[in-house]
Amino acid sequence: MDRRSFIKKAGLAGAGAAALATPAIAQGNQTWRMVTTWPKNFPGLGVGAQRLADRITAASGGRLTIQVYAAGELVPPLQSLDAVIDGSAEMSHGAAYYWQNKSAGLSFFTGVPFGMTSREMAAWVRYMGGQEIWDEIYDQFGVQGFLSGDTGTQAGGWFRNELTGLDSVKGLRFRTPGLGGRVWEKLGATVTNMAAGEIFQALQSGTLDAAEFVGPYNDLALGFYQVAKNYYFPSFVEPGLATELVVNKSKYQELPSDLQAIVKDVCQAEYDQVASDFYANDPRALKTLVDDHGVIVRQFPDDIIEAGAKAAAEILGELRDSGDALTKKATESFIEALNIVRTRTEGTDGAFVEARKKYFSI
């Protein structure tokens, strides 16, 4: 992958008012605009957004045609949700924790430090009340959110220097978003968030000492290995990261019921499709990073992980006691569901994986 081909697609320049014209409606057909936080043709995420749009268009027989605009083509990447709220676009494709400044409760619908894996997240959202709480939060902004993809457990990040222990985190300038960013702040790092296309330059210039984005599949394309060689696994703050499709709720509800179902069902299918893409391609990309680019794979020191777990528990307690009713509701629902589904993951799935690792080889 050519990193530059992604970076130039992820700039902040908008395209002008003409590009934001009212969507076409002719003979019952509609064209909706989807703005994304991802560079064009970005592995897994950008490709997943385009595939989601194409599947909606095809399944609807063109009655609902989705035009995709990559990061920066219509709006800056981290203004994608605002574009749906203000009517500049009908859909956005991104990650809910990018908007935690609007409601801290939104962070639960991307990923939580030491929280749910991708399967656990889907169980909570689909069967244990998560979607209903998500709907309540987004109702405040006139939009509707759907799970639209999943990366699985992410990499912990790229670091210029090896982490020898908790003391080496102090003052570290680190790109990492969401509640995970708050965990690293508690550990002593200076945390910032920025879109995918901006990270490499910040690492290269020394503005950042470390950065995490997703994992090998994306990180190889972004070229982080050219600047930092210490690659840490696994992330303890992003255990099963979900992407979202957000739609203008009033326009969505005006659609015929079959088109509403197509949007919803394609999102659910893409949640699984994107996860499969990452599962297949992360190991291949990691092999390339190690074999061809001299990347050193490391694990976080135990004292960092232990301090991170303590910080994560403190943050969940702070959210539960924040005074915001919906954030409290999301926190309590998430914790209750996690304590149920983790018994399956740890007691059944985890025990099997450990047995396979220990005893089985072919």
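Computed from the coordinates by the stated procedures, all read-outs in this text should not be read as laboratory data. Please read all numbers here as calculations on a predicted model, not as lab measurements. In this analysis, Cβ positions are derived from the backbone assuming ideal geometry, glycine residues included, and neighbour counts consider all displayed protein chains.
Of note:
- Helix 257-293 axis, angle to the chain major axis (alpha carbon atoms, nearest 10°): 30
- Charge dipole (debye, nearest 20) of segment 254-326; +1 at Cβ of Lys and Arg, -1 at Cβ of Asp and Glu: 240
- Whole-angstrom gap from segment 235-287 to segment 28-50, using each part's C-alpha centre: 11
- Rounded to the nearest 10 degrees, the inclination of helix 350-359 to the longest alpha-carbon principal axis of the chain is 50 degrees.
- Shown here for segment 98-177: trypsin sites (Lys or Arg not before Pro) in loop regions (DSSP other than H, G, I, E, B) with at most 14 other Cβ atoms within 10 Å, namely LYS170.
- Result for the chain in a Gaussian network model with C-alpha springs under 10 Å: among ALA325, ALA337, ALA49, the largest mean-square fluctuation is at ALA325.
- Phi-based couplings in Hz for segment 30-45 (Karplus 6.51, -1.76, 1.60; Gly and Pro marked x): 10, 10, 10, 9, 10, 9, 10, 8, 10, x, 5, 6, 5, x, x, 8
- Karplus-derived HN-Hα couplings along segment 136-151 (A = 6.51, B = -1.76, C = 1.60, θ = phi - 60°), whole Hz, x at Gly and Pro: 4, 5, 6, 4, 4, 10, x, 10, 10, x, 9, 4, 10, x, 8, 8
- For percent of Cα pairs over 39 Å apart, the value calculated from this model appears in [x] 22; [y] 31; [z] 13 under label [z].
- Counting Lys and Arg as +1 and Asp and Glu as -1 over every other residue whose Cβ lies under 14 Å from the Cβ of THR176, the net charge comes to -2.
- Tilt relative to the chain, helix 196-205 - C-alpha long axis, 0 to 90 degrees, to 10: 40
- Phi to ³J(HN,Hα) by Karplus 6.51 cos²θ - 1.76 cosθ + 1.60 over segment 54-65, Hz, x for Gly, Pro: 5, 5, 4, 4, 5, 5, 8, x, x, 5, 10, 9
- The alpha carbon centroids of segment 96-169 and segment 61-75 are separated by 24 Å.
- Taking GLN204, GLN50, GLN144 in turn, the Gaussian network model of the chain (Cα-Cα springs below 10 Å) assigns the largest fluctuation to GLN204.
- For ASP150, the amide hydrogen comes within under 5 Å of the amide hydrogens of THR243, VAL274, ALA275, counting only partners 5 or more places away or on other chains and with H modelled in the peptide plane.
- Positive-end residue, segment 80-217 charge dipole about Cα centroid, Cβ charges, pick of ILE199, GLY188, ASN101: GLY188
- Ellipticity estimate at 222 nm from DSSP helix runs (n ≥ 4, -39,500 (n - 2.57)) divided over the chain, nearest 500: -14000 deg cm²/dmol
- Zero-based 10 Å bins, Cα pair distances in segment 275-362, whole percents: 13, 20, 37, 22, 7, 0
- Using Cβ point charges alone (K and R +1, D and E -1), the dipole size of segment 219-362 about the Cα centre works out to roughly 240 debye.
- Net dipole in debye of the chain [+1 Lys, Arg Cβ; -1 Asp, Glu Cβ; about Cα centre; nearest 20]: 680
- Other residues with beta-carbon under 13 Å from the beta-carbon of SER257 carry, at +1 per Lys or Arg and -1 per Asp or Glu, a net charge of -1.
- Ranking GLY317, THR331, ILE362 by how far each Cα lies toward the positive end of the dipole of segment 306-362 (charges on Cβ) leaves ILE362 at the top.
- Positive-end extreme of charge dipole, the chain - chosen from VAL274, VAL353, SER118 (charges on Cβ): VAL274
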